[in-house]
Amino acid sequence: MTSTGGPTGDVVIAIDGPAGAGKSTVGRAVASRLGLGYLDTGAMYRGVTFGVLRRGLDPGDIESVARVAAAIELSVQDDGITVDGVDASIEIRGRAVTAAVSSVAANSSVRSELVRRQREWVAARGGGVVEGRDIGSVVFPDAALKLYITASPRVRAERRVAEIGGDVDDVESSIIERDRKDSSRADSPLIEASGAVVVDTSGLSITDVVDSVLRLLTPSPGSDDVAG
């Protein structure tokens, strides 16, 4: 495998896509199969949002939120996240953080700070599977493999309700609005990165998706580079 993606030649698999499409599940499984580290960058943005709300700040206050992002301690692990030493694994998926995270993620200073931390994370580990919304387009545009994982809003809503409960119609409406915000923000909008392989998980099992991703990483006969 000679194609790389990190700023120092680290092997990176970049996974982007909208909320609830299965990015995290696929990313963790691919990382496990390949023996690579896995980073959920969405959890980082949610962690900053948690820190903002915990301080009683307005998520739309650009300068205050930027200061929080620069100072906050984030530790993202496979089994959760700690924010300033507090286990926030459950709270970052709650309604309050979910309602505010788009505003925080649209803050250019927050994005610059977290992109810096994401690149440091990869450099420290010699690569990894990195999942988010701007990984292939902004953070690691030269990744060895770029994936855009998606699913219909209805399927994504049904999956979310199965995890945390709620009304499918309400969750679907929320997902559609989140997609609109993520895709229309000025800084690092959610897009299909150039060269990304689009995978619609609506009718596929996770095993099917992971197997197809691993096949993309298998060089063709006579080739030294990964597909994609």
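The values are calculated or read from the model by the stated rules, or taken from the named source; none is laboratory data. Source: prediction; values computed, not measured. Cβ placement follows ideal geometry from the backbone for every residue including glycine, while neighbour counts extend to all protein chains displayed.
Determine, yes or no, whether Glu177 is part of a helix (DSSP H, G or I), surrounded by fewer than 16 Cβ atoms within 10 Å (Cβ to Cβ) and at pLDDT below 95.
Here the answer is yes, as Glu177 does meet what is asked.
Scan the stretch 195-203 and give yes if some residue there is part of a loop (DSSP other than H, G, I, E, B), hydrophobic (A, V, I, L, M, F, W, C) and modelled with pLDDT of 90 or more, otherwise no.
Yes - at least one qualifying residue is present in the stretch 195-203.
Which members of the stretch 79-132 meet the condition of being farther than 26 Å from Val171 by Cα, touching a residue at least 12 places away in the same chain (Cβ under 8 Å) and among the polar types (S, T, N, Q)?
Once the filter is applied, which keeps residues that are farther than 26 Å from Val171 by Cα, touching a residue at least 12 places away in the same chain (Cβ under 8 Å) and among the polar types (S, T, N, Q), the stretch 79-132 yields Ser108, Ser109, Gln118.
Identify, please: which residue in the stretch 20-42 is in contact with a helix residue (DSSP H, G or I) (Cβ under 7 Å, 6 or more places away or on another chain) and surrounded by fewer than 20 Cβ atoms within 10 Å (Cβ to Cβ) and is, among those, farthest from Val115 (Cα to Cα)?
Arg33
Of the numbered conditions (1) assigned to a helix (DSSP H, G or I); (2) closer than 30 Å to Ser64 by Cα; (3) touching a helix residue (DSSP H, G or I) at 6+ places or on another chain (Cβ under 9 Å), Ile191 satisfies every one except a single condition; which is it?
Ile191 satisfies all of (1) assigned to a helix (DSSP H, G or I); (2) closer than 30 Å to Ser64 by Cα; (3) touching a helix residue (DSSP H, G or I) at 6+ places or on another chain (Cβ under 9 Å) except (1).
Under 6 Å between Cβ atoms, at least 6 apart or on separate chains: pull out the pairs that start in the stretch 172-183 with a residue that is acidic (Asp, Glu) and end on any residue that is surrounded by fewer than 20 Cβ atoms within 10 Å (Cβ to Cβ) and part of a helix (DSSP H, G or I).
Glu172/Arg154
Looking only at the stretch 68-91, which residues are β-branched (Val, Ile, Thr), under 27 Å from Gly166 (Cα atoms) and crowded, with 18+ Cβ neighbours inside 10 Å?
Result: Val76, Ile81, Val83.
Restricting attention to the stretch 94-114, and to residues there that are in contact with a Lys or Arg (Cβ under 6 Å, 6 or more places away or on another chain) and within 13 Å of Ala69 (Cα to Cα), which single residue is modelled with the lowest pLDDT?
My answer is Ala106.
Which one of Ala96, Ala123, Ala71, Ala106 is small (Gly, Ala, Ser) and either closer than 29 Å to Val11 by Cβ or in contact with a Ser or Thr (Cβ under 6 Å, 6 or more places away or on another chain) (or both)?
Within the list Ala96, Ala123, Ala71, Ala106, the selection yields Ala123.
From the residues in the stretch 92-116 that are of a type in the set (Val, Ile, Thr) and under 22 Å from Asp167 (Cβ atoms), which one is surrounded by the most Cβ atoms within 10 Å (Cβ to Cβ)?
Going through the qualifying residues, I end up with Val101.
So in the stretch 117-143, with the set limited to residues that are of a type in the set (Lys, Arg) and modelled with pLDDT of 95 or more, which one is surrounded by the fewest Cβ atoms within 10 Å (Cβ to Cβ)?
Per the stated criteria, the residue is Arg117.
Take the stretch 215-225 and flag every residue that is exposed (fewer than 13 other Cβ atoms within 10 Å of the Cβ) and at pLDDT 85 or above.
Scanning the stretch 215-225 gives a single hit, Arg215.
Working only within the stretch 146-156, note down all residues that are under 16 Å from the mean Cα position of the chain (by Cα) and in a helix (DSSP H, G or I).
Arg156
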